[in-house]
Every structure is written in structure tokens, then in C-alpha cells.
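The values are calculated or read from the model by the stated rules, or taken from the named source; none is laboratory data. Please read these numbers as outputs of a predicted model, since none were measured by experiment. In this analysis, Cβ positions are derived from the backbone assuming ideal geometry, glycine residues included, and neighbour counts consider all displayed protein chains. Calculation scope for accessible area: heavy atoms of the full protein, side chains included, ligands and nucleic acids excluded. Shrake-Rupley method; radii C 1.70, N 1.55, O 1.52, S 1.80 Å.
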Amino acid sequence: MSDAGERYLGEVLRDEMIMKDSILAVLEEGPKTVPEIALALNASEYDTMLWVMGMRRYEMVIEVGGAKGDGYCQYRAIKAH
Amino acid sequence: MDYDVLIIGAGIAGMEAALSLGNMGFKVLLVEKEASIGGKMILLSKVFPTLDCASCISTPKMADVAHHPNVTLQVYSEVEGVDPLADGSFRAKVVKKPTYVNADLCTGCGLCETACTVAVADEFNAGLVARRAAHIPFPQAIPKKAVIDRRGFSPCHHSCPAGVRAHGYISLVRSGRYEEAFNLHMEDAPLVGSLARACYAPCEEECTRGSVDGTIPIRGIKRFMSDYYYERHPEPEYGVPEKKNGRKVAVIGAGPAGLTAAYQLARKGYTVKIFEEAPEAGGMLRIGIPSYRLPKDVVDRDIANVTALGVEIETRHEISSIEPLKEQGYDAVFLAAGAVEARTMGVEGEDLEGVMDCMEFLREVNIGRAPDLEGKTVMVVGGGNSAIDPARVAIRLGAEKVLIQYRRSRAEMPAHSWEIEGAEEEGVELQLLRVPVRFIGKDGKLEAAECISMKLGEPDESGRRSPVPQKGSEEIVPVDLVVLAIGLKPSTSPFAHELETNKNGTLKVNSHTLETSDPRVFAGGDVVTGPSMIAQAIGQGNRAAHHIDMYLRGEDLSLSRFDLPIPTVEKKDVLMRAKSISFRKPTDKKELEPSERCRSFSEIEQPFTKEEIRYGAGRCLDCAVCSECEACIRACPVEDCIRFDMLPERREVTVGSVIVATGYDLFNVEKKPQYGSGRLKNVITGMQMDRLLAPTRPFNTVLRPSDGKEPDNIAYVLCTGSRDQTADNTLCSRVCCMYSIKQAQLIMGALPLADITIYYIDIRAFGKGYDEFYEQAKAMGVYFVKGKVAKVEEAEDGNMTVFYEDMANSGGLKTATHDLVVLSVGLLPNREALGLFPDQMLKADDFHYVAEVEEDIDPGRTSIAGVFVAGTASGARDIPDSILHAGAAAAQAAAYIENLGVRS
């Protein structure tokens, strides 16, 4: 067992199922980057990246254009979800 | 001969060999262990040096293989062994793993994966993103069919005597799908609210997380979802099934077993009537469990789940013979009368007024005829949960003093420890090694009990030490009420003349089918098992319903598939798969304070909040991967496409020749911890970068895993795990230089402003056009540094610091900063094939690749006549060389079969 700061990949991925509703709620305010979503969730950016990409794969979120000047892409919720 | 050639592995080499042989007219069996053919090549972005799209090259070949009339493709299958035969041919054992999806019906729509509630690392995307337990391997998969990653039963499911799929509803609750979770439970058992409160939860005892930092609160999760559902649905949402089959079943006993069997049979279209002796249905749930543990409105709502299907319950109707039911036209009978007859002590004064058995006492309380115990002394005799319950009830009825006398010590008490502790917290006094030997009364009314102390002697047949009375320790104790809780007997005596019984009074049944000695009568619950848990009774009800249905449909009960031979996943395998598990505090039980709870019959256990319950469910380790939540089945537009009753299919085939095309493994970067892979989020492997560059990439573009930013300064570390004695692989992997240069060129196209540095020992660009490709990369601005990287560390700003030895310029140890590091991992032999043949007949070379006995002049020939090797199974090769090598192996196999003179 490790401390909460070092999370095994599988644990983080599993948490997508808990976090997806919160992420969609955050995106109701409008498109956001991964760091912005992480900040809103008080979660790590790495974990949030994995969750957002999982949700993107299953068409819950989608990118809004390409990366902006700061190098980050924004993501928005897909309405069907 | 079933096939001319067996080819093991359907990567590019296996596919090429299959097509070559198929085109020559040979019948080929191509076996692939993954769910799709294509091997690693289909996962690549492009190929070097032409930069042709890897998918565009692979997919037509994959389609040709799938549709070739001479090639039989068997995916998700493994060859378990190959035995050479005397005539030069071979016999192979092939096992098809269950996909739980009917490939003939699956349309590849992907709705199952969208609905799935279990997220795991996607191996086809090198762990960069999650896939679902139900998944199609990748968009161009052939066959494009879903597969469900199910490793067996999760321990929580396996340990449930009722067969309730706990993992399933946990994963649904984790996803916030509470009503679906409830409905899944209803597939397995209708008494959700009762189980949520009164089950002893063997699932929690078996929970893998329990051996880490505490069990998942499985019963608490059930409580939440049943409360959630019942609040929103005061009545069941369904009614009597439209399709009735015209058959009638009588059920004797409206306890958990009878109610469950009736429910399951009614769902199948049977007309079911339950006969219950008591004034109200529910059995033990109604009369045996105090309402502070199980409120009776919850029992009522649970029973409504059964009666909504049209099940009729006739209470106050005692059945004392089976025969009249047959005469009334019932096609089958399920006898589930329970165990409500109390055992007696056989001591003087047991018949006095004021001496009761525990069932009588609890029944009176539960039907509103509680005795007045205000200020009185109550003695309960027994050490099981059935003793704890009346003691705690007596406290709530105002008794001044409540004693439990038990003849053994605390360690031998059958009651659950938490029940004993709860009773003590409420003021119950435990008197151990003590027992009444007679009850003393006046005018027929109890006044006192004479008690004696005991000492533990030798173990008896149950393994527990026998209590031995201590002469001279007798004592008269004034008491107002004695409750005997020394055991219950199955209520089978009225039927003993019709059905065979065991010595202990239980009914004799076939333990699998629950058939009794009368073919039309099935029995289950406490009449078969003796006094037991609610969950076990429910399990018996399910079992009986399944077999009554089979019986009435005229099926052979010996062919029952009720107990499928599906293994339970081993906890150690789950923990090994998880690698490390971070501590997550278990959700604490919430109970009323003892001072508060002993004043009323209010429920002791308090419900969890939504947040607590999702957190609690989120701790689940998904032991079996697939949770059996059936979300996929509900989402699938094709009926019966997904079936959880599939089993592995084994077959033996005879073949003329074998081609081993099992490919290669990638170096495990965890063996080079100094490079930080797995620890540093922005250190990835070459295969991960290839996925990021592929058209079917896991991210929307090339992004840093740490935060989703486009990287602008990328480093490549060549020879990671190859040409490296410390990594136990001295061989050059032949492709790492070139795939790294390929990726560098592609990144420059995707991220034109990015800087790319390749740290190398020497660049090996030996093929046609390879050196030109290298020069082209340099001309494009890729920066090549001749230097061996020692380690990679994360700087305070999150960037990666690369420590390297500058071998070409000024020399010495240097550092450089990058925001993404790609480890160009080497190729390793896949040793799986070596074990497929008996007695180590298939020889390996010094590097553990399949040996070619005369590599220079006889490519593909192995140490076994008739067995050939193709592609990277015999050494690191690039794609063109693999294809060439596969062609050679195919030609060798063709010649061998022709010489053998036997064709399929």
C-alpha cells in the first residue's frame, strides 16, 4: 500500500466513474482546459487529464479547436450526456 | 487432417504467412490470443522510412485474412500445446476464451462500451487512456466485435449465498446509477431493503480491499440504493407479466426462500400462490428480526416486489400435507416452511408462565403484543445472534436488568462479535460459563432460575470445548422472564410422512436441484439447511425456482447450468495486478449512540450520504474487471448478444505444419527506474508516442500526460533496454533509432514549434532509404546528441532534467531540460512459444528467441521438423524484414506439407 500521493494508474482510471459527473458539472460553465478543470475539482492535473481523455474517448467531452497560446486545449461537454 | 498449417499469432508476420499459404491453396488455421488480428503494427502511427500510414497498410491485409476462403481465423484464443505425431503432422490444443459476446450477432456498434461502468487501462493505447471492461480493441479491429474482459467471479459475488452480484451494483452506484443498481439486485433477489439491513454480509468478509485497508461498505451501498429507490418508487414499477405459461406452483412459507422462489417463478410466467401459517408474510424477516435492525415497512415494501407480479399470499393458512395441493392442480410445490420451532432445554420448570422461546418472544413483540418488562429482570439463555436479539429487545422494552447466560466462554459464542458488543453497549450483562438448570415458580408463574457455573472440558464433535457443570456452584437468581434461545428446528414434522428427512429433521434433497423424494416437490431454505442466514435462504429460493422451471419445462435437471464452472478471481492476483494501492480510509459505520438507541426501536444503523456512498464504492478494486452490472446488456440493441454464461471452448486439431509467429515483447521500462517511467508523468515510451501520433490516438493531439499541454521540447532516449548489459539485453533492437527518427519527423509536422533532441549512442540506419531518412530529420531541425543518458529527474517547475554523458562534443556530464521525455524501448523475445512443445523440443537461441537452426541458408526452420518461425519471434526485425521472413516460413511450411503427402 502506498500513500495517497502516489496513485497507481489503474486507481486513477477507475476514478473516472466517480469524477465524470463532477467534470461535466464543471464544464457546464463553459469550455475549460485540463488545469482549469483540475483546479475546480481540487484534483491533480495528471488525474484530471486521464479522466478527461477517458471521457473524450467515450464522447462525453470534446476539444474546442486546437491548443491556445498557452499550449492547452479547452474541452466542453457533449450535450447528450 | 483438420488444417494444413497452424499459425500461432496474427501480427504482420502471421497474417503474411497465412495469406501466402492460403493463396497456394493450403488450409490455414490462424490463432490469435488478442481479440483482434493486426499485432503491434496496426497500433503504430506510420512506418519508416516511407511514412506510409501503418493502418492503411495493415487493414487491407487484415481484411484479406478475415475473408480468405482458405484461412480460418480464431481470435481471443490460445494454443495450449502442440504435440508432434509419428507421421510428421501435429496435434494442437486450442482454447477459445469466452468473450461473453456472440460474435455472430455483435454489430460492433460500441454501445456496450459506452454503457460499461468499469474503467481499466487500455493496453492497445499503451495505458495512456482508459478503456472499458466491455470493449472493442480499437477502431480498425478485425473482427470488429466487442469483448468483455471478465476474469471470473469477484469474491464478493462468489461469497454471496444468494448469488447477488455485489460487484455489479457497486460499480453502478460508483457511476451514480442508483436505480440501475437496484434493478440489477432485483434480478438476483427481490428483498433488497431487508438484505441491506439484516444480512451478515459475507461479501464484506471476502472483499479484497478488506485485506488492504478495509472492506468496501457493500451492505451500506445496498442500503443506500434501496432507500433511494423506495423513496422514489413507493410501489413497484412493474405489474403482472403479460405472458403467463398456464402452470401453477404452490409455495409453502412466505419467508425469504419462499418469497424469492415465488418472485423468480412469477417472472417466468408461472401462477404462484404462497401459503403462510403466520398472520403476515415475511417469515424471519417479519417475526425473527427486531425492528431496530429491520423496520417492518421495509419488509412490506420488499414483499410488494413479489406480490406486484401477481403472486398471491394466503396468510393464516397452515399446510400440513402436500397431497391436497397436488389435487388442487398445482404442477409443482416448493416447500420452504423455515425453522421456527424452538428447541427446549429439557429442564424442570420450562413450562412455567414466564419462560418463552426466542421466536415466541420476538413474534409477540413484532406483532405488537410486547410484554410489559418495565423494571423487570430478563434472562436470555444462549450464545447465538438469536440470543442477542431478544436481549436487546428486552432492553428497549424497559427491563431493568437483562442477562445473557451462555454455557461456554465468549470465544465460543456463535453470535457475531459486533452484535455482542452492541448488546453490551446497551447494558446487556453477559454471564459466561453459566446456565440455568431449573426454573422455579409459584402458582405456575416463573419466579427464579437456579443456575450453575461451568468449566470448559475436552472439545466435542463440533470442535468446541464441552461445558462441564461445576458442582456446588448452584445459585438461585430471581427473574421475571426467561427467553430460551438455544436453537431452532426445521418445521418439517408435518411432511415427514410424505417426504424423506434426515436425522436432524431437515428434508432430504438433491443439493444441486433441491428435488425432494417426491419429483413434484422441491424444498429449500431452513427446512433443508437448518437455521441459516437470510441470504442463504434467498439463494435456495433462486435455486429452487431455476430447477422447478426446468422440471416443468420437461428438461433434464442433470444438465442444469445453475452453477456455472466459472472461477473466482484470486485476491493475490488482484493485488498483484493493482501493483500498489493507495490508502483510502474506509467508510465508518454510522450508528445511533447506545444511550439513544436503547430508548426506542429506531433503526440503529444510519444511512450513508450520496457522497459517502460514492466514495465507498469508489474504493472497489474491480477484482474480476467486469462487474457483471449488465449495463452492456441493457445498452446492446441485439437481444441475447451478450451472454455471461459462456465458457471456454477447447478443441484439438491435427495440422500438417506449424508456424510460430508470436512476435516480440517490449522492454519493461520499470527495469530502468533511473529514467523515471511510471514515476514521472512526462516520461513515456516510444510505443506511447506512436499511439499519440496515430490517427486513432488516445488524446486529441500530442499532449503531455501530466497536464494536457502541448509539449514544446521533447527528448528521445535511445537504446532504453537494448544494447544494455544492465538491462540483461545486449542485443540491438534494430528499429529504435528509426522509429524515433520517424516520430521526430511526425512531431515536427504535428507541433511545428517543438524542439526535438535525440540522445543516441550511435544511429543505425542500415536499410534502403534509412540513412536518407536520418539525414532528412537532421535537415528538418531534429537535434542529435551523441550521449548516453544516465537518469531523468523532475525539476521543480515540472520539466524533466536529462542527465547525460556528452560523448561527441566537449565531453563530460551535462544536463538538459525538456518538457517530455520519450524512452525508445527495445524489443525482447516473446518466450511464450517455447513452452508450447513437449520436452523443450523447440530450441531457443542464446537470446531466448526461437532459434533458426540454419538461419543463414534455411530461414524459418526450427529445431522441430515441420515447425517454422516467422517474423520477430526469431529476432528483432523491422516490418519489411518481418514480411519477407514470413514469406520464407510460408514457403518452408508448404514444402514440408507437400513432402508429407497429406493434405486437409
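Working from Cα positions, state the angle (0 to 90°, nearest 10) between the long axis of helix B:178-188 and the longest principal axis of chain B. Result, in degrees: 70. Computed from Cα atoms, the angle from the helix B:296-307 axis to the main principal axis of chain B rounds to 70 degrees. Between the stretch B:860-904 and the stretch B:581-608, the alpha-carbon centres lie 68 Å apart.
Among bridges DSSP assigns within chain B, what percent are antiparallel (round to 5)? Before the final figure, lay out each step's value.
Numbers: 63 of 131 bridges.
Given both bridge residues lie in chain B, the antiparallel proportion sits at roughly 50 percent.
For the stretch B:751-904, the extents of the C-alpha atoms along the principal axes are 68, 35, 28 Å, listed from largest to smallest. Protection proxy ranking for B:39-52, B:585-598, using the average of other Cβ atoms within 10 Å per residue and placing the highest first: B:39-52, B:585-598. Model label sites at B:Asp83 and B:Asn102, defined 7 Å from Cα along the beta-carbon direction, differ in position by 3.5 nm.
Is the C-alpha gyration tensor of the stretch B:597-701 telling us rounded, prolate or oblate? Criteria: a/c under 1.5 is rounded; beyond that, a/b larger than b/c is prolate, otherwise oblate. Oblate. Below 12 angstrom from the Cβ of B:Thr815, what's the summed charge of the other residues (Lys, Arg +1; Asp, Glu -1)? Result for the neighbourhood of B:Thr815: -1. A Cα-only calculation for chain B places Rg and Dmax at 35.1, 114 Å. Output needed: percent of Cα pairs per 5 Å distance bin for the stretch A:9-77, bins running from 0 to the one holding the longest distance. Spelled out bin by bin, the stretch A:9-77 gives 4, 19, 32, 28, 13, 4, 0 percent.
Take every DSSP beta bridge whose two residues both sit in the stretch B:357-495; close to 55 percent of them are antiparallel. Annotation: peptides B:648-654, B:624-630, B:204-210, ranked by per-residue average of other Cβ atoms within 10 Å with the highest first, follow the order B:624-630, B:204-210, B:648-654.
Taking every Cα-Cα distance in the protein assembly as shown and sorting them into 10 Å bins starting at zero, the pair-distance distribution P(r) comes out as 2, 10, 16, 18, 16, 13, 11, 8, 4, 1, 0, 0 percent. A crude spin-label estimate for the pair B:Leu813 and B:Val638, with each label 7 Å from Cα along the Cβ direction, gives 6.1 nm. Per the 1.4 Å probe, what fraction of the accessible area of chain B, in percent, lies on carbon and sulfur atoms? Using a 1.4 Å probe with all protein chains present, chain B comes out at 49 percent carbon and sulfur. In the complete set of protein chains, residue-level accessible area for B:Tyr270 is approximately 0 Å², probe 1.4 angstrom.
For B:Lys46, a cut-off of 16 angstrom between C-alpha atoms picks up these lysines, skipping any fewer than 8 places away in its own chain: B:Lys61, B:Lys742. Amide H contacts under 5 Å for B:Val101: B:Ile148, B:Arg643, restricted to partners 5 or more places along the chain or on a different chain, H placed in the peptide plane at 1.01 Å from N.
Probe radius 1.4 Å, ligands and nucleic acids left out: can you give me the accessible area buried at the B-A interface, summed over both chains, in Å² to the nearest hundred? Walk me through the numbers on the way to the answer.
On the way: alone 37510 and 5470 Å², together 39540 Å².
When B and A are taken together, about 3400 Å² of accessible area is lost.
Checking the a/c ratio against 1.5 first, then a/b against b/c, what shape does the Cα gyration tensor give for the stretch B:28-166? It is oblate, given that a/c is not under 1.5 and a/b is not larger than b/c. Normalising the Debye intensity of the stretch B:197-304 to I(0), with uniform scatterers on Cα atoms only, and taking log10 at q = 0.18 Å⁻¹ returns -1.04.
Can you work out the FRET efficiency for the pair B:Glu424 and B:Lys585, with r the C-beta to C-beta distance and R0 = 25 Å, to the nearest 0.05? Efficiency computed from Cβ-Cβ geometry: 0.40. Highest mean packing comes first when the peptides B:785-796, B:882-893 are listed by Cβ atoms within 10 Å, giving B:882-893, B:785-796. By how many degrees, between 0 and 90 and to the nearest 10, does the Cα long axis of helix B:12-23 differ from the longest principal axis of chain B? Orientation of helix B:12-23: about 80 degrees from the principal axis.
Leaving ligands, DNA and RNA out of it, rank B:Ser20, B:Ser462 by accessible area with a 1.4 Å probe, largest first. It would help to have the intermediate numbers written out before the result.
Details: B:Ser20 30, B:Ser462 70 Å².
The most accessible residue leads, giving B:Ser462, B:Ser20.
A straight Cα-to-Cα reach below 30 Å connects B:Lys222 with the lysines A:Lys20, B:Lys268, B:Lys273, B:Lys296, B:Lys571, B:Lys572, B:Lys579, B:Lys585, B:Lys589, B:Lys590, B:Lys610, residues fewer than 8 places away in its own chain not being considered.
For the protein assembly as shown, give me the percentage of DSSP beta bridges that are antiparallel, rounded to the nearest 5 percent. Don't skip to the answer; put the middle values down first.
On the way: 69 of 138 bridges.
Close to 50 percent.
From the square roots a ≥ b ≥ c of the eigenvalues of the alpha-carbon gyration tensor of the stretch B:76-127, which class results: rounded (a/c under 1.5), prolate (a/b over b/c), or oblate?
On the way: a/c = 4.14, a/b = 2.28, b/c = 1.81.
Prolate shape, in that a/c is at least 1.5 and a/b is the bigger ratio.
The alpha-carbon of B:Lys489 sits under 19 angstrom from the alpha-carbons of these lysines, leaving out residues fewer than 8 places away in its chain: B:Lys503, B:Lys508.
The candidates A:Asp47, B:Asp460, arranged from most to least accessible area with a 1.4 Å probe in the full protein assembly, appear as B:Asp460, A:Asp47.
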